[in-house]
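First up is the structure itself, then whatever we jot down about it.
No value in this document is a laboratory result; all are computed from the given coordinates. Everything numeric here is computed off the predicted structure, so don't read it as measured data. Heads up, the Cβs are rebuilt from the backbone with ideal geometry, glycines too, and the neighbour counts pull from every protein chain shown.
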Amino acid sequence: MTYSVESIARSLATGAVIPYLGPDMLSLCGDATVPGTPLALAEAMTARVSVPHKIRKRLTQAAQFIENFKHRKSVVHLMNEAFATVPTPSALHLALAASGAGLWVDTWYDDTFAAALALTPGNWVQVQGLSQSEHFGHWTGVYASDGTAVAELASDPGRLLYKPLGSHSPAGNYLVSDSDYVEVLTEIDIQTPIPAAVQAWRSGRNFLFLGCRFDDQLTRCFARQIMKRSSDRHWAVLPNEPTRMEARFLQEQNITRMAMPLAEFANLLVPALQPVVTI
């Protein structure tokens, strides 16, 4: 074993580890009714709007079809409906929010982790990816912990929640259609869409991937670019056997796989983090 949960917890407490959260974090929330996978989200959207059968289960393509043949506002409306409820944060959400981490990366559209941060003392700032179709020339939106829009992200903003794909709250910003991703991927190699404060904080730090899969080119690309110029040692909780491309990505990025269910890891990490926060 090349890691220990206790050592990861200690590094979280000092801010040396950046939690990187994926959609499967919702599996820890007992009352989650929002879509917890790209497939579930695609099915929720296409249950409301008819799209060609061959793309009904392909999220970015289905969203693009709706954007092209309905309107961008239709995509935003469907996304707002899908993520209207806020699941009760799990013990892991709360423990991570109360840890010493200074940056959290959350790559799904729900408001669960923001709700966890709201239950901890002190202010924090949220920065979200923006669709170029709605905010041409602006890559991110910045919001105070009370949801108020902030004109510019400070170079040292304090505790920072980074939502690269956008989020339901407070303004319904979403990267979800093919065109959304094309715009970002055109620039992400030179880091333009990634806030300078995120680039500065990640330097020399480790990432802890929770609730993520890397079996899709988009998820690998975002993770690779957000990790750029960070430490050379990271961890990911991946209970399922990696695909060939996932295994290659883990090796390339020096990510140690922790082959256990996320709930099992949560049961180990939460007691190791101090203080343990409950609701």
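Within the listed set LYS228, LYS73, LYS54, the residue fluctuating most in the Gaussian network model of the chain (springs between alpha-carbon atoms under 10 angstrom) is LYS54.
Over region 1-73, the reciprocal of the mean inverse Cα-Cα separation, the Kirkwood hydrodynamic radius, stands at 15.2 Å. Couplings 3J(HN,Hα) for region 262-267, derived from phi with the Karplus relation 6.51 cos²θ - 1.76 cosθ + 1.60 (θ = phi - 60°), are 4, 4, 5, 4, 4, 5 Hz, where x marks Gly and Pro. GNM on the chain, alpha-carbon springs under 10 angstrom: the most fluctuating residue among ALA40, ALA236, ALA101 is ALA40.
By the rule of a C-alpha distance below 17 Å, with chain neighbours fewer than 8 residues away ignored, the aspartates and glutamates paired with LYS228 are ASP106, GLU187, ASP189, GLU252. Rounded to the nearest 20, the Cβ-based charge dipole of the chain about its Cα centre (Lys and Arg +1, Asp and Glu -1) stands at 400 debye.
Normalised by the number of residues in the chain, the average gap of Cα pairs under 8 Å and 6 or more apart makes the relative contact order 23 percent. Hydrodynamic analysis of region 48-197 uses the Kirkwood radius over alpha carbon pairs. Inserted into Stokes-Einstein at 4 °C and 1.567 mPa s, it gives a translational diffusion coefficient of 80 µm²/s.
When only alpha carbons are used to place a centre, region 58-74 and region 231-248 end up 31 Å from one another. The 3J(HN,Hα) values that the Karplus relation (6.51, -1.76, 1.60; θ = phi - 60°) gives for region 86-91 are, in residue order, 10, x, 5, x, 6, 4 Hz. Gly and Pro appear as x. For region 110-157, taking Cα atoms only, Rg and Dmax work out to 11.9, 36 Å respectively.
Taking max minus min of the alpha-carbon positions on each principal axis, region 38-82 gives extents of 23, 20, 15 Å, largest first.
Taking amide H as placed 1.01 Å from N in the peptide plane, the amide H of GLY166 sits under 5 Å from that of GLY129, LEU175, each at least 5 places away or on another chain. Per the Kirkwood treatment, what hydrodynamic radius in Å, one decimal, follows for the chain from the mean inverse distance over all distinct Cα pairs? One over the average 1/r among Cα pairs gives 19.0 Å for the chain. Suppose R0 equals 30 Å; then what is the FRET efficiency for ALA151 and ALA118 from their Cβ-Cβ distance, rounded to the nearest 0.05? E between ALA151 and ALA118, to the nearest 0.05, is 0.85.
Using Cα positions and a limit of under 19 Å, work out the lysines in reach of LYS54, with same-chain residues fewer than 8 apart set aside. Qualifying lysines at Cα under 19 Å: LYS70.
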